[in-house]
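Student: The structure's right below; bear with me while I get my questions together.
The values are calculated or read from the model by the stated rules, or taken from the named source; none is laboratory data. The model shown is predicted, which means the values in this text are computed figures rather than measured ones. Neighbour counts are summed over all protein chains in view; Cβ atoms, including those assigned to glycine, are modelled from backbone coordinates with ideal geometry.
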Amino acid sequence: MKKNIGNTIIDQILELNPDTLTADGYDRSIKGIGNRDGKPVLLYSSDKCIQQLMEDNDWTYEDALDFFTFNTEPAYVGENTPLFEWDEEEQPSVLNDYFGSC
């Protein structure tokens, strides 16, 4: 059985930072390794996290976005907390959809 990219990256980061934390349930949304204050941490795609929430829970985009931006993205549990990154092209439309145009 072929390893998915998320598990490969988790294996790599555990060698670099054995104390790194994962975002439970978002393994399919791992983008790579990021840097938080000089420490390597997991980096997740915010867009993929929302897509994953929609698929796993049969949620609308708005429901998944609400859940992610309220419960997941702002969570901070110390220096080994994962980072979440919006795709550069997607961020403005996602934020406009959520907050409306100003």
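Student: If you take the residues of the range 4-44 that are of a type in the set (D, E, K, R) and surrounded by fewer than 17 Cβ atoms within 10 Å (Cβ to Cβ), which of them is nearest to Phe67 (Cα to Cα)?
Tutor: The extreme case among them is Asp24.
Student: Which members of the range 70-102 meet the condition of being part of a helix (DSSP H, G or I) and at pLDDT 95 or above?
Tutor: Within the range 70-102, Phe70, Asn71, Thr72 meet the criteria.
Student: Here is a further query. Does any residue of the range 46-59 turn out to be at pLDDT 95 or above, surrounded by fewer than 18 Cβ atoms within 10 Å (Cβ to Cβ), of a type in the set (S, T, N, Q) and not in a strand (DSSP E or B)?
Tutor: Yes, some residue in the range 46-59 is at pLDDT 95 or above, surrounded by fewer than 18 Cβ atoms within 10 Å (Cβ to Cβ), of a type in the set (S, T, N, Q) and not in a strand (DSSP E or B).
For every residue, the table says whether it meets (1) within 15 Å of Trp86 (Cα to Cα); (2) among the polar types (S, T, N, Q); (3) under 16 Å from the mean Cα position of the chain (by Cα).
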site	(1), (2), (3)
Ile9	no, no, yes
Gln12	no, yes, no
Leu16	no, no, no
Asp27	no, no, yes
Ile30	yes, no, yes
Gly34	yes, no, yes
Gly38	no, no, no
Leu43	yes, no, yes
Ile50	yes, no, yes
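Student: Suppose the filter is over 15 Å from Ser29 (Cα atoms), surrounded by 11 or more Cβ atoms within 10 Å (Cβ to Cβ), at pLDDT 95 or above and not polar (S, T, N, Q); does Phe67 pass it?
Tutor: yes
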